Every structure is written in C-alpha cells, then in structure tokens.
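The next block holds one structure in the form of structure tokens; read it before the comments.
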C-alpha cells in the first residue's frame, strides 16, 4: 500500500511544478490581441507549436516580449513586423503568400499535377503500344517441343 501511495505521489507531483503565466491587461482588446498573437507566432525551438502551446524558454521570452510591446502601445501588425524582421517568415505559423513562400504554398499542387500528368502519359502510351503479335502455328509447335524436351531432362 505504501508503494502505491508513493507511486501516485510521484505520478502527480510533476503538475505541482507547472507555472501559470498571468498578465494584467489594461483593456480586454489588448488581451484578445495578445492571445491572437501568441497563437499566430511559431516557437522557433519546437517548430511545430505556437508560442502559446510551447514551454520552451524562447517561447516564454517571446510571450513576455509580445506582452511588453502591447503594453507599450504597439499594434498587432507592428509586433508581427518586428518578429518577422528579427526571426524571418518562419516565426509566422501561417506565413503570408509571397514570392519567397510561393513554392511552399504551390509546391504540393505542383507535385500533384506532375504526378497525375505522368500517370496519364503512361496510360496513353500503353494504349497506343502495338499489340504483341501472336505466335504462328509453326512457332507454337516448336515451343511445345522445346518445353517437352526440357521436361525429359
């Protein structure tokens, strides 16, 4: 029983170390902007999470920086521009369509089109290929004789 209690304590003990970030906002619009921004910015360490979802130290710093910029009166666009200037388009979880990111947006459709075209060309070529000529009676007789000769060995 003591082992069970110790195991349960160890299992749930890690949640006691979780830190909840609290930020005081002057206006509800600022809080909404903050939530939107941290959901739109990518964690550069985790790469598959927003900074809202990540517990990496860099994500914490970026959340703090977004909060401070909002408190200074900067707009959402100014904050996004600052982050992209500093970290590149990769910091945006959903990057805008630009010449630089065009291949990322159009690449899958381009590869799909190339694949479908290739399949269509292969099918058309197979249909146009001449049918293999059938063996004449003499050739069939010779072939049977060769097979029978091979079976006797």
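What follows draws every value from the coordinates through simple rules; no lab data is involved. Quick caveat: nothing in here was measured; it's all calculated off a predicted structure. Positions of Cβ are generated from backbone atoms using ideal geometry, with glycine treated the same way; all protein chains shown enter the neighbour counts.
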message: Could you check segment 29-52 and list, in sequence order, the residues that are more than 16 Å from residue 87 (Cα to Cα) and exposed (fewer than 15 other Cβ atoms within 10 Å of the Cβ)?
response: 29, 32, 35, 36, 39
statement: Restricting segment 39-58 to residues that are part of a helix (DSSP H, G or I) and more than 19 Å from the chain's Cα centre (by Cα), the one nearest to residue 90 (Cα to Cα) turns out to be 58
query: Within segment 53-72, which residues are more than 15 Å from residue 87 (Cα to Cα) and surrounded by fewer than 17 Cβ atoms within 10 Å (Cβ to Cβ)?
result: 53, 55, 56, 57, 60, 64, 68, 71, 72
